[in-house]
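To start, the structure itself, in structure tokens.
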Amino acid sequence: MADTGLKRELGLMDSAMIVMGSMIGSGIFIVSADIARTVGCSGWLLMVWIITGFITVAAALSYGELAAMMPRAGGQYVYLREAYSPMAGFLYGWTLFLVIQTGTIAAVAVAFAKYTAVLLPWFSENHVLFSAGSFKISAAQVLAIAQIALLTWINLRGLKQGKLVQNVFTSAKIVALACLIVLVLALGRNPDAVSANLRNAWEAVWWKASGSQALSGGMLLAAVGVAMVGSLFASDAWNNITFTAGEVSEPQRNIPLSLVLGTAAVTALYVLANVASLAALPVSGSPDALDAVGRGMQFAVNDRVTTAAVSFFGAKAEMLLALLIMVSTFGCNNGLILAGARVYYAMAQDGLFFKKVGELNRNAVPGAALKLQALWAGALCLSGTYGDLLDYVIFAVLIFYALTVVGIFLLRKKRPDAPRPYKAWGYPWLPGFYVVAASAICLDLLVFKPKYTWPGVIIVLLGIPVYFAWSRCRTLGLEKP
């Protein structure tokens, strides 16, 4: 199809909905259980979410300068390319396609299927439709792939259709989550849980299978860093709006504003959701307890803290939460699918990805990029490895974020006269804070979760020979078809 050019049809509200919708998936409903096991008290559990929110907003404020300076499709890929080199941009795009974006799409799709099974048990992961040796295909995997295919088809029809789905589902889940918070605070408040959480608010304890460990000093800081892996994942994908920069109207204004407003709003919702959970459940509990209060946040069944918090609804609680998470994950995946394809499109435009991926279809969207993304995400759904892959790349994701923010400092020196409609708020202190904080978390993960760091580094490094091979093909005029 002829490349008719990207259309700038995303306004401020549309952009903010992509930020918020891509951030809010299933993470907020489950990761607090692991955080509770790691820090063991209400005060530090809330601090983990507050610190995560502050770091995320700091990054968003910093990215605003780059987004306003270079409002082009590809976003973070472009920033890394311009601040460092084409190889730096490629390594980010390579990791994004191989694991970060597609792995997240697969994980969110499977989460959608899991919670659909609460309402329609036929879609259970235990319902195996095909089996050949150790390889199995479940009804949940089929539904996950169907969700990806449906959302890809919608986005292939044009940006207007994609943003309509995004706006409707993001609005619905924000309203539903806000109502849920109010309901728990109004009807589900448990005086005993509140008393226990206030009494032991700062008595941090790291619960491990080998036993519990009281935390203080350096070990407390280390535990907070490890606990933030979950909250950072739940707060990730806020940068997806930068991928669509070539389709945002008044990008110098709307992208920075949507980044700040979207991340701040989601941070507030996340903190309030945890306050509501703490009003209904104690942090500490026993894995052998028979009810939700006895198990506490630490040992909520299947880590479904929010389900436990609304147990006052009785048997309807799980169904209510399942419906909310279905809406949440559907809208989340739409944003991820819409935005991710624009990065591969930008890479192909630079000759660093399949040539066809750099073309637009008759609806002025990167059709080949959307299809290729769907195929790989679907393959990850079948492989069942997406969860491990996402664990492996959190280290790499933080490194890329930190490098991108460092790019603000580099570009101010390299291109001091370049137009900057928006300048990073708090420069140089706030961007500097983000770089230090992200680097500290990475060091913490290297020490305490090495099995989740080195595989991510290896995935990134594998892109180096691929980059040189692709560059060689381009030089010889042998670009991939």
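Do you know which residues across region 63-101 are of a type in the set (F, W, Y) and more than 13 Å from F243 (Cβ to Cβ)? Before you say what the answer is, go through the steps one by one.
First, the residues of region 63-101 that are of a type in the set (F, W, Y): 63, 77, 79, 84, 90, 92, 94, 97.
Y84, F90, W94 - these are the residues of region 63-101 that are of a type in the set (F, W, Y) and more than 13 Å from F243 (Cβ to Cβ).
Kindly indicate whether any position in region 315-335 is basic (K, R) and touching a residue at least 24 places away in the same chain (Cβ under 8 Å).
no
Restrict the check to region 343-357 and report whether at least one residue is more than 21 Å from S235 (Cα to Cα), open to solvent by less than 10 Å² (accessible area, probe 1.4 Å) and either without any contact (Cβ under 8 Å) to a residue 24 or more places away in the chain or in contact with a strand residue (DSSP E or B) (Cβ under 6 Å, 6 or more places away or on another chain) (or both).
yes
Please count how many residues of region 420-477 are among the aliphatic types (A, V, I, L, M), closer than 28 Å to G225 by Cβ and assigned to a loop (DSSP other than H, G, I, E, B).
Counting residues in region 420-477 that are among the aliphatic types (A, V, I, L, M), closer than 28 Å to G225 by Cβ and assigned to a loop (DSSP other than H, G, I, E, B) gives 2.
Which one is modelled with the lowest pLDDT among residues in region 423-464 that are buried (at least 19 other Cβ atoms within 10 Å of the Cβ) and β-branched (V, I, T)?
Per the criteria, the residue is T453.
Considering each residue of region 156-212, count those that are closer than 30 Å to E359 by Cβ and in contact with a Phe, Trp or Tyr (Cβ under 9 Å, 6 or more places away or on another chain), and give that number.
2
Name the pairs whose Cβ atoms lie under 7 Å apart, with the first residue in region 106-121 and under 17 Å from D303 (Cα atoms), the second of a type in the set (D, E) and surrounded by fewer than 24 Cβ atoms within 10 Å (Cβ to Cβ), and 6 or more positions between them or separate chains?
Once the first residue is under 17 Å from D303 (Cα atoms) and sits in region 106-121, its partners that are of a type in the set (D, E) and surrounded by fewer than 24 Cβ atoms within 10 Å (Cβ to Cβ) give K114/E125; V118/E318.
Please go through region 78-103 and give me each residue that is among the hydroxyl-bearing types (S, T, Y) and in contact with a Ser or Thr (Cβ under 9 Å, 6 or more places away or on another chain), ordered by number.
To start, the set of residues in region 78-103 that are among the hydroxyl-bearing types (S, T, Y) comprises 79, 84-85, 92, 95, 102.
Y79, Y92 - these are the residues of region 78-103 that are among the hydroxyl-bearing types (S, T, Y) and in contact with a Ser or Thr (Cβ under 9 Å, 6 or more places away or on another chain).
Condition (residue is closer than 30 Å to A424 by Cβ and either of a type in the set (D, E) or open to solvent by 10 Å² or more (accessible area, probe 1.4 Å) (or both)) applied to region 32-41: is it met by at least one residue?
no
Need the failing condition index for L272 against (1) modelled with pLDDT of 95 or more; (2) over 30 Å from G40 (Cα atoms); (3) open to solvent by 40 Å² or more (accessible area, probe 1.4 Å), just the number.
(2)
Considering F400, F312, which residue is of a type in the set (F, W, Y), touching a helix residue (DSSP H, G or I) at 6+ places or on another chain (Cβ under 8 Å) and open to solvent by 20 Å² or more (accessible area, probe 1.4 Å)?
Residue meeting the stated conditions: F312.
Got a sec? Which helices (runs of 4 or more DSSP H) wholly within region 229-299 have at least 3 residues that are under 18 Å from V194 (Cβ atoms)?
Because the criterion is at least 3 residues that are under 18 Å from V194 (Cβ atoms), the helices (runs of 4 or more DSSP H) in region 229-299 that meet it are 251-280, 292-295.
Listed here are the residues, each with its yes/no results for (1) free of Cβ contacts under 8 Å to residues at least 60 places away in the same chain; (2) touching a strand residue (DSSP E or B) at 6+ places or on another chain (Cβ under 7 Å); (3) within 30 Å of L445 (Cβ to Cβ).
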{"residue": "I174", "(1), (2), (3)": "no, no, no"}
{"residue": "L185", "(1), (2), (3)": "no, no, no"}
{"residue": "L198", "(1), (2), (3)": "no, no, no"}
{"residue": "A209", "(1), (2), (3)": "yes, no, yes"}
{"residue": "A222", "(1), (2), (3)": "no, no, yes"}
{"residue": "V229", "(1), (2), (3)": "no, no, yes"}
{"residue": "S235", "(1), (2), (3)": "no, no, yes"}
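How many residues does region 1-31 contain that are more than 16 Å from the chain's Cα centre (by Cα), open to solvent by 10 Å² or more (accessible area, probe 1.4 Å) and not β-branched (V, I, T)?
12
Would you check which residues across region 300-321 are among the β-branched types (V, I, T) and assigned to a loop (DSSP other than H, G, I, E, B) and list them? First the steps, then the outcome.
Initially, region 300-321 is screened for residues among the β-branched types (V, I, T), giving 301, 305-307, 310.
Scanning region 300-321 gives a single hit, V310.
Please state which of the following conditions V393 fails to meet, knowing it meets all the rest: (1) open to solvent by 10 Å² or more (accessible area, probe 1.4 Å); (2) out of contact with any Phe, Trp or Tyr (no Cβ under 8 Å at 6 or more places or on another chain); (3) within 30 Å of G432 (Cβ to Cβ).
Of the numbered conditions (1) open to solvent by 10 Å² or more (accessible area, probe 1.4 Å); (2) out of contact with any Phe, Trp or Tyr (no Cβ under 8 Å at 6 or more places or on another chain); (3) within 30 Å of G432 (Cβ to Cβ), the odd one out for V393 is (1).
Can you name the residue in region 194-213 that is open to solvent by 80 Å² or more (accessible area, probe 1.4 Å) and assigned to a strand (DSSP E or B) and is also modelled with the lowest pLDDT among such residues?
S212
From the residues in region 167-193 that are open to solvent by less than 30 Å² (accessible area, probe 1.4 Å) and among the hydrophobic types (A, V, I, L, M, F, W, C), which one is farthest from the chain's Cα centre (by Cα)?
Selected residue: A193.
The values are calculated or read from the model by the stated rules, or taken from the named source; none is laboratory data. If you're wondering where the values come from, they're calculated on a predicted model, not measured in any experiment. Reconstructed Cβ throughout: ideal geometry from the backbone, glycine too, with neighbour counts over all protein chains shown. The accessibility values were calculated without ligands, DNA or RNA, using every heavy atom of the protein model including side chains. Shrake-Rupley method; radii C 1.70, N 1.55, O 1.52, S 1.80 Å.
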